[in-house]
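K.L.:
Next up is a structure, given as structure tokens.
The values are calculated or read from the model by the stated rules, or taken from the named source; none is laboratory data. Quick caveat, the model's predicted, so the values are computed rather than measured. We place every Cβ from the backbone using ideal geometry, glycine too, and count neighbours over all the protein chains shown.
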């Protein structure tokens with residue numbers, strides 16, 4: 001490719017990246033706030049969501065603990081990914 005075209009293309013891509021960074025920061029900030037709200041809601045309703053279910057005969061403490069771990073692992077992973085995405089901008 002021609003050197004002039006390569007330099008123009010590189011500067012054009014850098015300009016797009018520079019102009020789009022604030023919008024991406026705002027979008028990821030909104031996503032982090034929304035996920036924080038979901039985490040707070042889950043914590044607030046944890047007894048209703050994760051306590052013993054009287055309708056299930058085989059609902060043991062181990063099963064309840066496993067349900068909590070699943071939710072915590074997924075939530076923590078999503079928060080970490082969003083945190084690192086916002087820091088990269």
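K.L.:
For residue 85, all conditions in the list (1) at pLDDT 75 or above; (2) surrounded by 13 or more Cβ atoms within 10 Å (Cβ to Cβ) hold save one; what is the number of the exception?
P.N.:
(1)
Here's the yes/no breakdown for (1) surrounded by fewer than 11 Cβ atoms within 10 Å (Cβ to Cβ); (2) outside any helix (DSSP H, G or I); (3) modelled with pLDDT under 80:
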position: 1; (1), (2), (3): yes, yes, yes
position: 35; (1), (2), (3): no, no, no
position: 38; (1), (2), (3): no, no, no
position: 70; (1), (2), (3): yes, no, no
position: 74; (1), (2), (3): yes, no, no
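K.L.:
Would a scan of the range 7-16 turn up a residue that is closer than 22 Å to residue 83 by Cβ and assigned to a helix (DSSP H, G or I)?
P.N.:
First pass over the range 7-16, keeping only residues closer than 22 Å to residue 83 by Cβ: none.
No, that holds for no residue.
K.L.:
Next question. For the range 1-29, name all the residues that are out of contact with any helix residue (DSSP H, G or I) (no Cβ under 6 Å at 6 or more places or on another chain) and in contact (Cβ under 8 Å) with a residue 60 or more places away in the chain. Break it down into steps so the answer makes sense when it comes.
P.N.:
We begin by selecting, within the range 1-29, every residue out of contact with any helix residue (DSSP H, G or I) (no Cβ under 6 Å at 6 or more places or on another chain); these are 1-27, 29.
Within the range 1-29, 21, 24, 25 qualify.
K.L.:
Scan (1) more than 14 Å from residue 83 (Cβ to Cβ); (2) in contact with a helix residue (DSSP H, G or I) (Cβ under 6 Å, 6 or more places away or on another chain) for the single condition residue 32 breaks and write down its number.
P.N.:
Of the numbered conditions (1) more than 14 Å from residue 83 (Cβ to Cβ); (2) in contact with a helix residue (DSSP H, G or I) (Cβ under 6 Å, 6 or more places away or on another chain), the odd one out for residue 32 is (1).
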